[in-house]
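Asks: Pasting a structure below so you can have a look.
The values are calculated or read from the model by the stated rules, or taken from the named source; none is laboratory data. Predicted, not measured: the structure shown is a model, and the values here were computed from it. Note that we place each Cβ from the backbone using ideal geometry, even for glycine, and neighbour counts take in every protein chain shown.
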Amino acid sequence: MRVIDVFFRRKRGSFLKTLLSLTLICASFLMIHKLKVSEKDGLGFKHVRSFGWCSGSDCFPFRSGDVKPGVDGSNPAGLRADVRANQSWDAQVLNCTEDASVRSKDWFRRLDPRFHQFVLHRHCRYFPMLINHPEKCADTDAHLLMVIKSVIEQHDRREAVRKTWGEERTVNGKKIKTLFLLGTPAPGKDTKNLQKLIEYEDRIYGDILQWDFMDTFFNLTLKEVNFLKWFDIFCPGIQFIFKGDDDVFVNTENLLDFIDFKVEQRKEAGLFVGDTITKAIPIRNRQSKYYIPKELYDKPYPPYAGGGGFLMSGLLARRLFLVSEELELYPIDDVFLGMCLKKLQVYPEMHPGFRTFGITRRRVSPMNNDPCFYKSLLVVHKLTAHELLKMWSVVHDADLVCAQRTSM
């Protein structure tokens, strides 16, 4: 135990990163069972959880928990006193019970049971932080914050992003910072061991924000509002945010060039751009992942950007946080952001460089694997970790020659 613990505390290195990746993918559970890491592990926090409820196959549960000071005397959730000491994450204990008054509503009785727990608990908005990195925004020269939605089990995707478009670096004098947004695994997924794995991963990379709510599809909106609040508290100087999934390809250089163009035009303050969807309506097919019953929402959606990836200004993110608190949570996160934008009277800009449904929706099309398209676009969805690493290498190969394209 002591030998392994010392090993994990050593200076970051490529050998350690490689070993962690292999361990997580091939033998992570075996390793953790042998480690028997004590509860007081010096991470700067200790948390105790009790499991809440779960409804159906698409679980929407919450966990109540409290975050206590670490053994080293650090403050709750690992907050650092040297970063905006006058502000901190205030959701440290949550005992959020259901809104029983909703049960008496006629529309609730008619509502598909899959949405009952979401509706009963959608007033539960902010959750305790299990892992926090407020120092990410302490650098006043940081230009672009890459914010990626992920789940604990998708370590290979995070590794691929870190090695490609999410690498923290400086490009033409502009600093790029990276954060991954995580909740907690649902019951039955060896929760304690997975949590230890993510804590070790964060020790090495220091780029994870984790909240104490379960990672489910409906809870993606919780990632949205909890991040917006976090950003408002800790990131006064960040100018731009790219927010996307962990299975997209982002051409970082093109993204920075696009930002420069908007700054030159003096149109950066209200910037919100992506693969904008207009005139959409709720999907009524009960088999669809995006099914919404009429009782929950029965009008057209406002314009919104596909959640695979979009770019916005830091100024607009702070405005979105304020207006988000005035709206009821909605189970589809990108639509919820569209509702917030509508409230602000901001129209999300459509840009053809954001391909959140792939370069073409025809999966068999050779265009989806053509590196010259990737070289000219901003964001492409969706790739496996292996495909991302391979495409990144090809796109940045100095020997790649692309003919000039005038149309797609």
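Asks: Return a yes/no flag: does segment 243-264 have any residue that is basic (K, R), over 15 Å from M146 (Cα atoms) and out of contact with any strand residue (DSSP E or B) (no Cβ under 9 Å at 6 or more places or on another chain).
Replies: Among the residues of segment 243-264, not one is basic (K, R), over 15 Å from M146 (Cα atoms) and out of contact with any strand residue (DSSP E or B) (no Cβ under 9 Å at 6 or more places or on another chain), which makes the answer no.
Asks: Ok, one more. Examine segment 314-329 for a residue that is in a loop (DSSP other than H, G, I, E, B), under 24 Å from R103 (Cα atoms) and under 18 Å from the mean Cα position of the chain (by Cα), and state whether such a residue exists.
Replies: For segment 314-329, residues in a loop (DSSP other than H, G, I, E, B), under 24 Å from R103 (Cα atoms) and under 18 Å from the mean Cα position of the chain (by Cα): present.
Asks: Let me ask something else. How many of the residues making up segment 180-192 are surrounded by fewer than 24 Cβ atoms within 10 Å (Cβ to Cβ) and either out of contact with any Phe, Trp or Tyr (no Cβ under 8 Å at 6 or more places or on another chain) or outside the structural domain of Y330 (by TED's automatic domain parsing) (or both)?
Replies: Residues in segment 180-192 being surrounded by fewer than 24 Cβ atoms within 10 Å (Cβ to Cβ) and either out of contact with any Phe, Trp or Tyr (no Cβ under 8 Å at 6 or more places or on another chain) or outside the structural domain of Y330 (by TED's automatic domain parsing) (or both): 6 in total.
Asks: Assuming R114 fulfils every condition listed in (1) closer than 26 Å to L337 by Cβ; (2) surrounded by 20 or more Cβ atoms within 10 Å (Cβ to Cβ) apart from one, which condition is it?
Replies: Failing condition for R114: (2).
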